[in-house]
Amino acid sequence: MCRAILALAITASLPALASEAAAPSMQALEWHEAAATDAAGEAGAYDDVWARLRSGFRIDDASAPNPLVATHESWFAARPQNVQRLIERARPYLYHIAEELEQRAMPMEIALLPMIESAFNPTALSPAAASGLWQFIPSTGRLYGLKQDKWYDGRRDFAEATRAALDYLGKLYLDFGDWQLALAAYNCGEGCIARAIQKNVDQGLPTDYASLTLPNETRHYVPKLLAVRNIVREPERFGVAIAPLANRPYFDQVTVNASLDVHSAARLAGVSSDEFLALNAAFPRKIIRSDTPVSLLVPVDKAETFQRNLEAGNWDTWKPYAAAKGESIDAIAKHFGTSVARLDEHNQLHLKRGRLAQAQTILVPVRRGPAAPAAGASSATSDEIVTRHEVQRGETLFGVARRYGLTVAELSQNNPGLNGSLRAGQTLYLPAGTRIVAQAAAPQLQTVSLKAAAAKPLDYTIKRGDTLTAIAQRFDVSLAELKAWNASLRSVSTLQPGQRLAIERR
């Protein structure tokens, strides 16, 4: 796995090796240039990616055979199912890696390196916090331009991490002038290899990879890769079947400027969530954020479908919601039309008996609505979508409902347990997509009479425990108005459950 890069100048650390290992040899540079020329016409010469890889195997181990290669060949040959699993996992990625390697004139053995690093698992995480197919640790990833935050981890972004890994390996080859040493340094770091080389120089010993005293993992690292290379080169010799892989792109890169969850994105692309995540593992919370355009990988034959559905289809966007301590996660899920499991997948919820143990901002889904009205078009509501209302002193249920263009019944349905009275600081949940109602039009534009514009009165059924004062507060009216609208109230002193009251809209 990639280790932290030390601030170490190889040439300064190894003055005795200035011409031997620290600087690239003329032979290495000549090979690099010749390989670049040879590779230019190779891509189109093969129908099968595996054949393309075999033609580009260039790491020489024949001159100094390493007995550990045979050890690992035997291990893999005894586990054909493991090998088959590695081969199948690699298939979506190999064409892209081969393209990148050919452009850089690098050995095709490197395309097999993720088999050793991560078993081609895009979400692999090691005990040392190395992540992704190429197993970058955080510091090395950042050094090679892989951004990492709570929304995005570039080490798990296949295209970006491949670019970074090949940049790093190319730098190591130019440092040491040998691909086996470069691969060993990728595993344990430049300083590790530099010290091992210097030790052998001091003792008058050879400085090739097999002659160095290295950590056990690094000592087996290159032989393991070469063993896999030999199995891919001659699969029949090891009893392994490798089906042809079309020499064409598996995925296309698309750009989105939207906040949506990966399951919605997979649905828009017409693929399973697992297939989508295999190509887009860089989102640890499984939410694609849209502060800036985001590049996604979609199977080639699904790219057009994805773009079309993204522009025209309905999907959930995810927005932050400031949840208060003690709020029920079930109530929040119900309010936003989702499940607790889905909220849990995208958030680190701190719960105690089903309620938030502390105030926290969580992500909630909001269904994407129709396009915004054209410039100049009027709207009865503001553009601000609101999800909850905190009751202020003196507010009534009727007044809150009127503010958001809702009925009391709609507000009550969204807040089970309301008893008709409100208290300051209480949280009311609003139906999804609710907007604050704009101010009424100017009086001179209201040409209809008040009588003609009056809405049909509300019909309220009295419940046990109701009082006239509570009902008046609930609907933001006065006691005198209630009695004026309901003649039955003038002759009785108590309210009876089931009794019906008319309440005029204002």
Exercise. If you check every pair at least six apart or on different chains, which have Cβ atoms under 6 Å apart with a residue in segment 320-331 that is farther than 21 Å from R285 by Cα first and a residue that is among the basic types (K, R) and modelled with pLDDT of 85 or more second?
Worked result: G326/R355; S328/R355
Problem set entry | Within segment 148-187, tally of residues that are more than 30 Å from E345 (Cβ to Cβ) and touching a residue at least 40 places away in the same chain (Cβ under 8 Å) | 16
For this session: With the condition kept exactly as written, say whether any residue in segment 104-118 is surrounded by fewer than 17 Cβ atoms within 10 Å (Cβ to Cβ) and either free of Cβ contacts under 8 Å to residues at least 40 places away in the same chain or aromatic (F, W, Y) (or both).
Result: no
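Within segment 253-310, restricting attention to residues that are part of a helix (DSSP H, G or I) and among the acidic types (D, E), which residue is surrounded by the most Cβ atoms within 10 Å (Cβ to Cβ)? Walk me through how you get there before you give the answer.
Here is the first cut: in segment 253-310, the residues part of a helix (DSSP H, G or I) are 262-269, 273-279, 300-310.
Now narrow it down to the ones that are among the acidic types (D, E): 274-275, 301, 304.
Values: D274: 8, E275: 16, D301: 12, E304: 12.
Result: E275.
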Problem set entry | Pair list, Cβ under 7 Å, 6 or more apart: segment 59-74 residue on the phi < 0 side of the Ramachandran plot and assigned by TED's automatic domain parsing to the domain that holds R229, other residue surrounded by 12 or more Cβ atoms within 10 Å (Cβ to Cβ) and not in a helix (DSSP H, G or I) | I59/P107; A64/D208; V69/D61
Exercise. Could you list, in sequence order, the residues of segment 279-295 that are under 11 Å from the mean Cα position of the chain (by Cα) and closer than 24 Å to Q348 by Cβ?
Worked result: N280, A281, A282, F283, P284, R285, K286, I287, I288, R289, V294
Exercise. What strands (runs of 3 or more DSSP E), lying completely within segment 324-438, carry at least 3 residues that are among the aliphatic types (A, V, I, L, M) and either closer than 25 Å to S273 by Cβ or at pLDDT below 75 (or both)?
Worked result: 360-367
Problem set entry | Residue in segment 212-252 that is farthest from the chain's Cα centre (by Cα), counting only those that are more than 21 Å from P107 (Cβ to Cβ) and of a type in the set (G, A, S) | G239
Problem set entry | Selection count, segment 325-363, where residues are touching a Lys or Arg at 6+ places or on another chain (Cβ under 6 Å) and of a type in the set (S, T, N, Q) | 2
Exercise. With respect to the numbered conditions (1) of a type in the set (K, R); (2) modelled with pLDDT of 75 or more; (3) part of a loop (DSSP other than H, G, I, E, B), which one is the sole condition not fulfilled by K483?
Worked result: (3)
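The values are calculated or read from the model by the stated rules, or taken from the named source; none is laboratory data. Small disclaimer: the values here were computed from a predicted structure and weren't measured. We place every Cβ from the backbone using ideal geometry, glycine too, and count neighbours over all the protein chains shown.
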